[in-house]
């Protein structure tokens, strides 16, 4: 792979061409916050947390969907980016009904960790308190729309890794919801194979296995990355 | 792979509208990319997208059901509920509003007890509003089925709707 010279946070680096800014930063130990990124899955730039400043470009670009180019001067830790990350994090909490104290993912939740990372102490936006359903129709798993942040990691893992394409997104704006098949209850889905990959891909407590209580949830998203990499090795 | 199941064959024989969709799917070569074009055909044939038709299209195109459903719910053009045999769309853009679009809507509500977005119980009439249909010179504009009525009055609209309902 040809090497190109870039500058990230005033550090000069020789990096592989053809990779995304996020990949390069992770390889070089530069921290970038993400929610919708799961290594191995296609990046969609949905969460807007990985925004970076690039010299010569007026707007912030998402690191996960922007390919690195020669002589790029990238900044990842500016005040502007931090401000936007704070806004994004607070909007996540204001958009749905996130109640950590009763959540299965309490203590192991990516959204909770994000709150700590951005040092969120209050939410400046009015809570929407939307009416959200909890789908318990599946024999083993539960889908709780209250805790969903629409990262679409479950949608992508189901389509790209399992190949079942049970999940998708319906409606638009603040009415968006994750659906299985024709918005049928999960348990009645004809495409779901009950493989459980979406359970591990979900960064919050929105999809979880039944018969666990508050704070007991164990998720292994790295298992999905490993699976994808091992499949590539076989080829 | 491309043969229809016996159940859909029977439905095909009965429903000429489904035949139209089947022809469109064939014309598009069963390409999944043609989903939106095929949904357009279905929407025009039925006036909305019944679940049975969505299932038929899904099967024919070999698409995941969730993909079809997300496409249908994303675009406002597609509707999962019947809009009524006859549709009356009242423009409530600024020009039409000033010229008395609300009076027309009030009269429709008085006569047919229907608010914008509602469909009558017998499915004969559906009322909807649009922000602006781009015909401000014709204000207040009303679109009855596919006919644009310029400088409409409440009385005239009610009469025309009644005529349409009697006709069918």
Largest to smallest principal axis extent of the C-alpha atoms in chain B, angstrom:
57, 31, 23
Over the stretch A:3-75, what is the mean sequence separation of C-alpha contacts under 8 Å (at least six apart), divided by residue count, expressed as relative contact order in percent?
40
Can you give the translational diffusion coefficient of the stretch A:128-235 in µm²/s, computed by Stokes-Einstein from the Kirkwood radius over Cα pairs at 4 °C and 1.567 mPa s?
90
Please sort B:156-162, B:23-29 by packing, taking for each peptide the average over its residues of neighbouring beta carbons within 10 angstrom, highest first.
B:156-162, B:23-29
Can you compute the helix-only [θ] at 222 nm over chain B? Use -39500 (n - 2.57) per DSSP H run of at least 4 residues, normalise by all residues, nearest 500 deg cm²/dmol.
-15000 deg cm²/dmol
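So what's the back-of-envelope 222 nm ellipticity for chain A, counting only DSSP H runs of four-plus at -39500 (n - 2.57) apiece and dividing by all residues, rounded to 500?
Details: 6 runs with 55 residues, N = 235.
Computed mean residue ellipticity for chain A: -6500 deg cm²/dmol.
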Relative to the longest principal Cα axis of chain B, at what angle does helix B:65-74 sit, 0 to 90 degrees, rounded to 10?
20
Which peptide among A:116-127, B:57-68 comes first, and what is the full order, when sorted by highest mean count of other Cβ atoms within 10 Å?
B:57-68, A:116-127
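Under the classification rounded if a/c is under 1.5, otherwise prolate if a/b is larger than b/c and oblate if not, where does the stretch B:51-134 fall, given a ≥ b ≥ c as square roots of the Cα gyration tensor eigenvalues? Don't skip to the end; give the middle numbers.
Working: a/c = 4.42, a/b = 2.02, b/c = 2.18.
Here the stretch B:51-134 falls in the oblate category.
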Taking only the alpha-carbon positions of the protein assembly as shown and ignoring solvent, what does the Debye formula give for the base-10 log of I(q)/I(0) at q = 0.14 Å⁻¹?
-1.23
So if I take the centroid of the Cα atoms in the stretch A:188-226 and the same for the stretch B:140-156, what is the distance between those two points in Å?
54
Report the relative contact order of chain B, percent, no decimals, based on alpha-carbon pairs under 8 angstrom and at least 6 residues apart.
18
Output the Kirkwood hydrodynamic radius of chain A, Cα pairs only, in Å rounded to one decimal.
19.0
For residues of A:43-55, the mean tally of beta carbons on other chains within 10 Å:
0
Per-selection metrics, the stretch A:1-140 (Cα): Rg and Dmax in Å
17.6, 53
Counting only backbone N atoms under 12 Å from a point 7 Å out along Cα-to-Cβ of residue A:73, the residues of the stretch A:5-44 in range are A:7-11
In degrees from 0 to 90, rounded to the nearest 10, what is the angle of the helix B:35-46 Cα long axis to the longest principal axis of chain B?
60
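Can you put B:112, A:129 in order of Cβ neighbours within 10 angstrom, beginning with the fewest?
Values: B:112 18, A:129 11.
Going from least to most buried by this count: A:129, B:112.
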Using every alpha carbon pair in the stretch B:86-167, what percent of pairs falls into each 5 Å bin from 0 up to the bin containing the largest distance?
3, 17, 31, 27, 15, 5, 1
Shielding by other protein chains, B:60-71, mean Cβ within 10 Å
6
Binning at 10 Å from 0, report for the stretch B:7-74 what percent of all alpha-carbon pair distances ends up in each bin.
21, 61, 17, 0
Rounded to the nearest 10 degrees, what's the angle between the helix B:16-27 long axis and the longest principal axis of chain B, both from Cα atoms, 0 to 90?
60
Largest-first principal axis extents, alpha carbons of the stretch A:3-75, Å
28, 26, 19
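What average number of partner chain Cβ atoms lie no more than 10 Å from the Cβ of the residues making up A:166-175? Walk me through the numbers on the way to the answer.
Details: counts 3, 3, 10, 5, 7, 3, 5, 0, 0, 1.
Counting other chains' Cβ atoms within 10 Å and averaging over A:166-175 gives 4.
Arranged from highest to lowest average of other beta-carbon atoms within 10 Å per residue, in what order do the peptides A:203-216, A:59-72 appear? Before the final figure, lay out each step's value.
Values: A:203-216: 19.0, A:59-72: 17.1.
Packing order, densest peptide first, comes out as A:203-216, A:59-72.
Each reported figure results from applying straightforward, stated rules to the coordinates on display, with no laboratory input. As the structure is a prediction and not an experimental result, all values here were calculated from the model. Here the Cβ is made from the backbone with ideal geometry for all residues, glycine too, and neighbour counts use every protein chain on show.
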